[in-house]
Amino acid sequence: MKAEAVVNWAWRGVAILATGIAIFLALRVVQSERQPDLEPWHIWAPRELDARKLDDADWQAWIQAENQLFDEVDAHMRAALEPAHKVAANRYFEGSPLYAAKFAHNWNRSYVLQPAGEVRGAVVLLHGLSDSPYSLRHVARTYADHGFVAVGLRVPGHGTVPAGLTNVDWRDWQAATRLAVREARRLAGPGKPLHLVGYSNGGALAMQYTFDAVADSSLEVPARVVLFSPMIGLTRFARYAGLAGWPAVLPRFSKSAWLEIVPEFNPFKYGSFPVNAARQSYELTEQLDEKLAAFSSEDRARLPPVLAFQSVVDSTVLGDAVVSQLFSKLPKNGSELVLFDVNRAAALDLLLSQSTLARLGLMVPAEAQTYRVTVIGNSSGTPEVSESTRAAGATQPDVRPLGLEYPRVFFSLSHVALPFPPSDSLYGTDPDAEDYGVHLGNQAPRGESGTLLRGVDALVRASCNPFYPYVTARLGELLNAQDMGGKTASIP
């Protein structure tokens, strides 16, 4: 009887689980069907080089394949667009001011930026998920100004059409990173320092390459890794994101393959977001955690210094994971975590939640750490910003004013803001004269809800970093600390 009871309970468990999955999928279908119709850029995608081909390719072959890729996208979009698609707000319409192919430089593509004088080193720049090489162009210029050749990689699946992320694999991203590193080393020559810079998902790729290089003598360990809003930990939803796409196996429910479908009005970033992108990013971060956990003490000792910039409030990644899953496991090697606090003198300070105000305390452990911790922030009642730095092994900070103020219109920074100066033409609050068809960062729209294009609610999110001069100064400090032996000196 006991065995029969166990079997009965097992079947009940299976039935409950199946019912739960069925309800989830039914709700997912209802949710996805409320989204707008799929457009040509959601349905069709060009084929990219996969991981195997990327590992056999050089930079010239990559650029040749990329040129063919963009030609194919342009030709397909011209043929597929219907009259309703031919509007100014569509980046795929060649008559739109957002059409990137007509810009003086199309930042959707991979690029190499050479320094004016002698090459002192090389840097590979890895952008974020749904983004493009545009996002790290300011950082690339800072490196080039300090004598580094900058290799800006377009990560596979990006820069073309959102559908490009529906069939990409994180291993393709890995292989493309290795290819970019090979080219950076070739351009710089032997014996000169190699840096990796990663933004968001690119931060995960930078650390993934670094962990691989530590374990594989055929790969070069970078001298320094610089991270902006690194995607080290994701929310629980990302783990189960693949389930959300199950109904899409039936053509009738193809919209279920997308978490968000919105108009594409940003020339250098996708607005629509497929389920597969979230799933691949989650698998990448899982690999990171597993590799670092498996490292021996000797492996950890070979890890290069990491300099990371992170907003204490971040709705895209788990900011705590930067501390718990990365920095807490690094050796005492000159690494540093720079945190941008919320504006404690903002006009909306009374509306900031208690959990938001407590975020900083959760990310700065009270006990001494093996890494340096720097907090950029202000006090209640004053917009003046200071730098509070606690050295590795210390419990008390050194504080100095920065001569900067927290703009009153900012109540915090954000995941997407950190690598963009206020002068950025697309995302800046004080855009320069470069023309990319639209200024998204200086908009403060007021009007009736439901009037603007779906997706422009993102305009509320901080899209640039008012403290970018500080970021530039820290990068300059780091790059000026290079010794002639090709290694990076620790910043004191």
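The values are calculated or read from the model by the stated rules, or taken from the named source; none is laboratory data. Since the model is a prediction, treat every value here as computed from it, not as a measurement. Here Cβ is always computed from backbone atoms with ideal geometry, including for glycine, and neighbour counts include all displayed protein chains.
Which of the residues belonging to the stretch 121-158 are part of a loop (DSSP other than H, G, I, E, B), of a type in the set (D, E, K, R) and farther than 19 Å from Glu183 by Cα?
Correct list: Asp131 only.
Under 23 Å from Asn90 (Cα atoms), of a type outside the set (S, T, N, Q), at pLDDT 65 or above and in a loop (DSSP other than H, G, I, E, B): does that describe Pro466? Reasoning before the result, please.
Numbers: under 23 Å from Asn90 (Cα atoms): no; of a type outside the set (S, T, N, Q): yes; at pLDDT 65 or above: yes; in a loop (DSSP other than H, G, I, E, B): yes.
It is false that Pro466 is under 23 Å from Asn90 (Cα atoms), of a type outside the set (S, T, N, Q), at pLDDT 65 or above and in a loop (DSSP other than H, G, I, E, B).
Determine, yes or no, whether Ala79 is assigned to a helix (DSSP H, G or I), over 23 Å from Tyr436 (Cβ atoms) and at pLDDT below 95. It would help to see each step written out before you state the result.
Numbers: assigned to a helix (DSSP H, G or I): yes; over 23 Å from Tyr436 (Cβ atoms): yes; at pLDDT below 95: no.
So Ala79 does not fit the description; no.
Return only the number of the condition from (1) surrounded by 15 or more Cβ atoms within 10 Å (Cβ to Cβ); (2) under 19 Å from the mean Cα position of the chain (by Cα); (3) closer than 27 Å to Leu475 by Cβ; (4) of a type outside the set (Lys, Arg) that Gly334 does not satisfy.
(2)
Counting just the residues of the stretch 191-217 that are part of a helix (DSSP H, G or I) and of a type in the set (S, T, N, Q), which one comes out surrounded by the most Cβ atoms within 10 Å (Cβ to Cβ)?
Asn201
Would you confirm whether or not the stretch 161-176 contains a residue that is in the same structural domain as Pro421 (by TED's automatic domain parsing), farther than 27 Å from Phe327 by Cβ, among the basic types (Lys, Arg) and in a helix (DSSP H, G or I)?
There is no residue in the stretch 161-176 that is in the same structural domain as Pro421 (by TED's automatic domain parsing), farther than 27 Å from Phe327 by Cβ, among the basic types (Lys, Arg) and in a helix (DSSP H, G or I).
Given the conditions (1) within 17 Å of Tyr270 (Cβ to Cβ); (2) assigned to a helix (DSSP H, G or I); (3) modelled with pLDDT under 95, and given that Val29 satisfies all but one, which numbered condition is not satisfied?
Unmet condition: (1).
Search the stretch 245-284 for residues being surrounded by fewer than 20 Cβ atoms within 10 Å (Cβ to Cβ) and in a loop (DSSP other than H, G, I, E, B), and hand back the single one that is modelled with the lowest pLDDT.
My answer is Leu250.
Out of the residues in the stretch 389-437 that are hydroxyl-bearing (Ser, Thr, Tyr) and crowded, with 20+ Cβ neighbours inside 10 Å, which is farthest from Glu336 (Cα to Cα)?
Tyr436
Of all the residues that make up the stretch 108-124, how many are farther than 13 Å from Tyr134 by Cβ and surrounded by 23 or more Cβ atoms within 10 Å (Cβ to Cβ)?
Residues that pass the stated criteria total 4.
Would it be correct to say that Leu318 is within 17 Å of the chain's Cα centre (by Cα) and at pLDDT 95 or above? Reasoning before the result, please.
Working: within 17 Å of the chain's Cα centre (by Cα): yes; at pLDDT 95 or above: no.
The answer is no for Leu318.
So is Ala100 within 24 Å of Val168 (Cβ to Cβ) and crowded, with 18+ Cβ neighbours inside 10 Å or not?
Spelling it out, Ala100 is indeed within 24 Å of Val168 (Cβ to Cβ) and crowded, with 18+ Cβ neighbours inside 10 Å.
Within the stretch 91-108, track down each residue that is in contact with a helix residue (DSSP H, G or I) (Cβ under 8 Å, 6 or more places away or on another chain), over 22 Å from Ser281 (Cβ atoms) and part of a loop (DSSP other than H, G, I, E, B).
The answer is Arg91, Tyr92, Phe93, Glu94, Asn106.
Could you tell me which residue of the stretch 202-217 is farthest from the chain's Cα centre (by Cα), considering only residues that are polar (S, T, N, Q) and modelled with pLDDT of 95 or more?
Let us first name the residues in the stretch 202-217 that are polar (S, T, N, Q), namely 208, 210, 217.
Going one step further and asking which of them are modelled with pLDDT of 95 or more, we end up with 208, 210.
On the way: Gln208: 14, Thr210: 17 Å.
Per the criteria, the residue is Thr210.
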